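The structure appears right after this line, and notes come after that.
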There are 2 protein chains.
Amino acid sequence: MVRLDSSSPGFRDDFARLLTVKREIAEDVDETVREIIAGVVRGGDAALVDYTRRLDRHGAELTAARIRVGEDEIEAAIRDCPAEALDALRFAAERIESFHAQQVPSDHLGTDALGVTSGWRWTALESVGLYVPGGTASYPSSVLMNALPARVAGVPRLVMAVPMPEGQVNPLVLAAARICGVHEVYRVGGAQAVAALAYGTETIAPVAKIVGPGNAWVAAAKRRVFGQVGIDMIAGPSEVLILADGEANPDWVAADLLAQAEHDAAAQAILITDSRDLADAVEAAVERALAVLPRAEIARASWRDYGAIVVVDDLHGAVPLVDAIAPEHLEIETADADELAAKVRNAGAIFLGAHTPEAIGDYVGGPNHVLPTARSARFSSGLGVIDFMKRTTILRCGPESLRALGPAAITLGRSEGLEGHARSVAIRLNL
Amino acid sequence: MVRLDSSSPGFRDDFARLLTVKREIAEDVDETVREIIAGVVRGGDAALVDYTRRLDRHGAELTAARIRVGEDEIEAAIRDCPAEALDALRFAAERIESFHAQQVPSDHLGTDALGVTSGWRWTALESVGLYVPGGTASYPSSVLMNALPARVAGVPRLVMAVPMPEGQVNPLVLAAARICGVHEVYRVGGAQAVAALAYGTETIAPVAKIVGPGNAWVAAAKRRVFGQVGIDMIAGPSEVLILADGEANPDWVAADLLAQAEHDAAAQAILITDSRDLADAVEAAVERALAVLPRAEIARASWRDYGAIVVVDDLHGAVPLVDAIAPEHLEIETADADELAAKVRNAGAIFLGAHTPEAIGDYVGGPNHVLPTARSARFSSGLGVIDFMKRTTILRCGPESLRALGPAAITLGRSEGLEGHARSVAIRLNL
């Protein structure tokens with residue numbers, strides 16, 4: 001953990017270092033992934049099974065007939081889930097779905113003064129593949145956050161791929177898939193699953209877009225199949241930035257920093273405060289909380305290597321620092337949280353006030369928890385309904401409006417050396 | 001050109017071939033581009049000048065002091081432009097700007113029954129770099145289509161990079177930049193320009209997103225800097241699909257097919273019709289029009305290698321073919337164009353009726369002409385205002401609403417093995 005002070009002479013350089021620290025080592029798996037994709041394109045189901053047997057623990061049990069997870073298996077898994085967890089999942093799903101229902105974009109069609117009709121129409125993607133990691137990173141909440149916006153968008157075919165490194169799928173993941181109305185579930189993972197979703201096999205029909213988190217192989221495969229299908233952003237390690245004044249509760253702030261840090265040793269938790277006392281108190285509170293946290297080893301590594309506490313003179317003056325960090329999650333625990341938030345340009349999601357820990361947003365707040373990481377909130381947004389729709393623009397001229405627009409189009413076509421463009425207009429106007 | 005008939009036995013295979021034909025050979029410039037980017041990151045302006053001198057025709061004239069195009073040069077270029085072309089550009093800009101003004105998305109904030117406040121806020125990107133190719137592919141209309149949505153979005157810093165392979169910039173490109181309110185213009189191109197926009201040099205401050213078309217080097221550089229900055233889609237060769245019934249004018253249809261084909265030998269123009277007579281008449285009309293087209297060599301190669309006329313029994317029954325092609329541009333020249341259009345899921349832009357040649361949309365219609373190619377209309381949209389904005393979600397709980405949401409969040413956090421998440425909620429509820 002580094003302590004920075006905005007009034008110290010080296011602050012500019014120290015802060016720049018905080019911004020540019022590399023938290024991920026890119027594994028060079030691209031060549032292997034290229035071969036796996038080519039193999040699945042050539043070999044279909046047989047290749048998918050073959051790669052799974054070779055690469056996945058417990059993969060030996062897979063056969064082509066078992067690629068698809070049966071309805072009976074899903075039912076059985078749901079019966080295995082604790083009722084309390086199922087209730088919590090359903091509660092979360094309802095809140096996420098009703099939040100996202102407000103994001104459905106409007107179509108538009110109008111006629112202007114020259115008589116030209118123009119506008120656009122949004123349509124749902126015809127099919128979406130949701131990748132869900134296996135093992136410990138197999139989070140049911142992530143199924144909800146990826147699948148529900150697609151369902152709200154009206155995607156008629158929603159497919160899930162989830163590997164089974166432990167020999168079976170996390171029952172809550174299957175329950176989440178059922179709650180979200182996922183139509184097909186396949187027990188495959190890795191680059192081979194991404195290839196199957198993109199290009200199709202005998203069992204798996206191809207999809208138009210693939211979303212969801214994954215390891216280095218999955219990320220490399222998504223980059224490679226982009227163009228053949230759409231993909232979502234490639235997520236990096238998670239981050240939180242907390243702005244807090246001297247009134248904030250140091251134990252609450254410490255708990256939120258560690259909730260982020262426990263995700264991953266490469267996660268990053270930063271506190272910016274105008275109170276040296278709070279900074280000291282939070283530093284001590286983090287150590288107390290770490291002593292009793294189950295995932296302390298991971299959280300401690302993250303806090304040690306990437307954690308930071310920055311003391312500033314004035315939190316409003318620190319907004320440029322926030323915009324430079326462009327955090328995935330921004331908590332504002334100050335009396336004037338709304339005013340401060342209004343000044344921020346770059347953040348994936350903002351959590352206002354002392355009673356909005358980021359973890360509420362991970363599960364049951366309503367907004368999506370798939371958010372831009374690694375400073376990409378400067379240019380991108382969290383997952384939403386429009387990521388599962390696309391816009392088709394519409395234009396209609398009649399003879400009169402074409403007469404009004406045509407001459408300018410002819411002039412511009414000729415000025416660009418595109419006489420054929422000009423003629424396609426001129427021929428209709430007898431010009 | 002291929003003629004297909006949906007009633008012939010080999011149609012399925014022939015049509016599948018039409019869908020999968022490769023129209024572009026990917027040049028393998030990735031290693032060179034990697035070196036160029038690393039060079040500019042290390043060397044700044046000096047490297048930018050050095051690469052330009054080595055790689056660009058007329059590049060020898062560049063010095064660091066001349067990287068930025070002066071206001072006096074822009075003024076002088078505008079004085080060189082024909083008044084008719086300037087008027088047409090301004091007319092186009094007004095129409096494009098007022099169309100895009102309708103796309104500005106709304107913010108939203110509401111409080112639900114549990115007392116949770118949630119919503120989102122859209123903000124403009126802090127800066128955008130617009131790449132404009134040099135030489136013959138330097139289209140002023142493309143400047144309008146890329147820059148105006150950014151201006152409408154409220155981007156406070158809009159930068160243009162345009163190489164000068166002929167020793168000077170196309171004056172209409174500089175005029176278009178001025179009309180769009182571009183703030184800075186730099187006379188650099190290629191991978192080195194993309195690197196400078198992404199990472200910055202002494203002269204060029206870095207931007208948050210890079211948009212605009214370019215050659216293989218530019219495309220490879222954009223892919224490489226993605227993550228450091230946002231990028232738009234990588235555009236492939238242009239396409240048109242025309243649906244026309246027996247009442248369509250074959251000369252008009254032929255003119256529209258060739259307006260597409262003249263772009264590029266890799267462009268693709270397809271007609272689907274339910275009239276064998278129209279098919280024959282268009283085939284003949286294309287040959288007549290080619291005989292007198294200035295860019296006949298390019299258009300003829302495109303029509304020969306990738307053109308197609310598909311005769312079907314019923315145009316409404318052909319909608320699945322349209323969705324499979326997912327054309328960048330779809331013209332519908334039938335009596336029931338609106339009804340047909342309503343059934344189409346996948347198309348970048350639709351042009352309705354006989355008096356809406358696609359070229360109107362290239363220049364003065366209003367909708368954007370930067371559209372998804374190569375079947376990517378299955379999962380993506382044309383350029384629009386939201387490509388220059390991003391959404392920050394907002395969440396606020398008070399003590400009461402946290403009490404309502406907290407238990408489910410705690411349950412889900414524990415079920416995912418994230419005790420730190422659960423504790424950050426529990427600590428606030430004394431649980």
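The values are calculated or read from the model by the stated rules, or taken from the named source; none is laboratory data. All values reported here derive from a predicted model rather than from experimental measurement. Don't worry about glycine lacking a Cβ; one is built from the backbone with ideal geometry, like all the others, and counts go over all protein chains shown. Calculation scope for accessible area: heavy atoms of the full protein, side chains included, ligands and nucleic acids excluded. Shrake-Rupley method; radii C 1.70, N 1.55, O 1.52, S 1.80 Å.
Structure above, values below:
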read-out: 10 Å Cβ neighbours from other chains, averaged over peptide A:364-371; value: 6
read-out: Whole-Å distance, taken between Cα centres, linking the range A:107-160 and the range B:256-318; value: 34 Å
read-out: Given A:Lys222/A:Lys390; A:Lys222/A:Lys343; B:Lys209/B:Lys343; A:Lys22/B:Lys222; B:Lys22/B:Lys209, the pairs whose alpha carbons are separated by over 27 Å; value: A:Lys222/A:Lys343; B:Lys209/B:Lys343; B:Lys22/B:Lys209
read-out: Quarter of Cα convex hull surface for the range B:1-97, i.e. mean projection, nm²; value: 13.1 nm²
read-out: Carbon + sulfur, % of accessible area of chain B - ligands and nucleic acids excluded, 1.4 Å; value: 51 percent
read-out: Whether chain A is rounded, prolate or oblate, judged on the alpha carbon gyration tensor where a/c under 1.5 counts as rounded; value: oblate
read-out: Candidates B:His421, B:His316, B:His100: whichever shows maximal mean-square fluctuation once chain B is modelled as a Gaussian network with Cα springs under 10 Å; value: B:His421
read-out: Heavy atoms of A:Val311: accessible area, 1.4 Å probe, square angstrom to 10; value: 10 Å²
read-out: Other-chain or far-sequence residues with amide H under 5 Å of A:Arg3's (modelled H); value: A:Ile309
read-out: Residue-averaged 222 nm ellipticity for the protein assembly as shown, from DSSP H runs of 4+ at -39500 (n - 2.57), nearest 500; value: -13500 deg cm²/dmol
read-out: Distance histogram in 10 Å bins (all Cα pairs of the range A:56-146, percent per bin); value: 11, 27, 28, 17, 10, 6, 2
read-out: Threshold 40 Å² - residues in the range B:107-125 whose accessible area is reduced by that much or more when the chain is no longer isolated, probe 1.4 Å; value: B:Trp120, B:Arg121
read-out: Rounded D (µm²/s) - the range A:236-378, Kirkwood Rh over Cα pairs, Stokes-Einstein at 10 °C, 1.306 mPa s; value: 108 µm²/s
read-out: Efficiency of FRET from Cβ geometry, B:Leu109 and A:Glu287, R₀ 41 Å, rounded to 0.05; value: 0.65
read-out: Per residue accessible area of the protein assembly as shown, 1.4 Å probe, in Å²; value: 37 Å²
read-out: GluC sites (Glu not before Pro), loop per DSSP, at most 14 other Cβ atoms within 10 Å - longest free stretch of chain B; value: B:248-431
read-out: Where only alpha carbons of the range B:113-158 are counted, the Rg and the Dmax (Å); value: 17.3, 61
read-out: Solvent-accessible area lost in complex, 10 Å² minimum, residues of the range A:285-301 relative to chain alone, 1.4 Å; value: A:Val292, A:Leu293, A:Pro294, A:Arg295
read-out: Max mean-square fluctuation residue, GNM over chain B, Cα-Cα springs under 10 Å, options B:Ala221, B:Ala266, B:Ala26; value: B:Ala26
read-out: Other copies of A:Gly417: label-to-label distances in nm, shortest first, labels 7 Å along the beta-carbon direction; value: 6.1
read-out: D (Stokes-Einstein, µm²/s), Kirkwood Cα radius, the protein assembly as shown, 0.890 mPa s at 25 °C; value: 86 µm²/s
read-out: Within chain B, longest stretch clear of exposed trypsin sites (Lys or Arg not before Pro) (DSSP loop, no more than 15 other Cβ within 10 Å); value: B:58-431
read-out: Given charges at Cβ of Lys, Arg, Asp, Glu: the range A:1-123 dipole, positive-most of A:Ala26, A:Val116, A:Val104; value: A:Ala26
read-out: Space enclosed by the convex hull of the alpha-carbon atoms of the range B:222-288, per residue, Å³; value: 99 Å³
read-out: Shielding by other protein chains, A:222-228, mean Cβ within 10 Å; value: 3
read-out: Only Lys, Arg (+1) and Asp, Glu (-1) charged, at Cβ; the protein assembly as shown dipole about Cα centre in debye; value: 720 debye
read-out: Selected from B:Val207, B:Val311, B:Ile298, residue furthest toward positive end of dipole (the protein assembly as shown; charges at beta carbon); value: B:Ile298
read-out: Residue of B:Val194, B:Val344, B:Val207 that the Gaussian network model of chain B assigns the largest fluctuation, springs spanning Cα pairs under 10 Å; value: B:Val344
read-out: Listing of the range B:325-362 residues, each with accessible area lower by at least 30 Å² in the full protein assembly than in the chain alone (probe 1.4 Å); value: B:Arg345, B:Ile350, B:Leu352, B:His355, B:Thr356, B:Pro357, B:Ala359, B:Ile360
read-out: B versus A: buried accessible surface, summed, Å² (probe 1.4 Å, to nearest 100); value: 9800 Å²
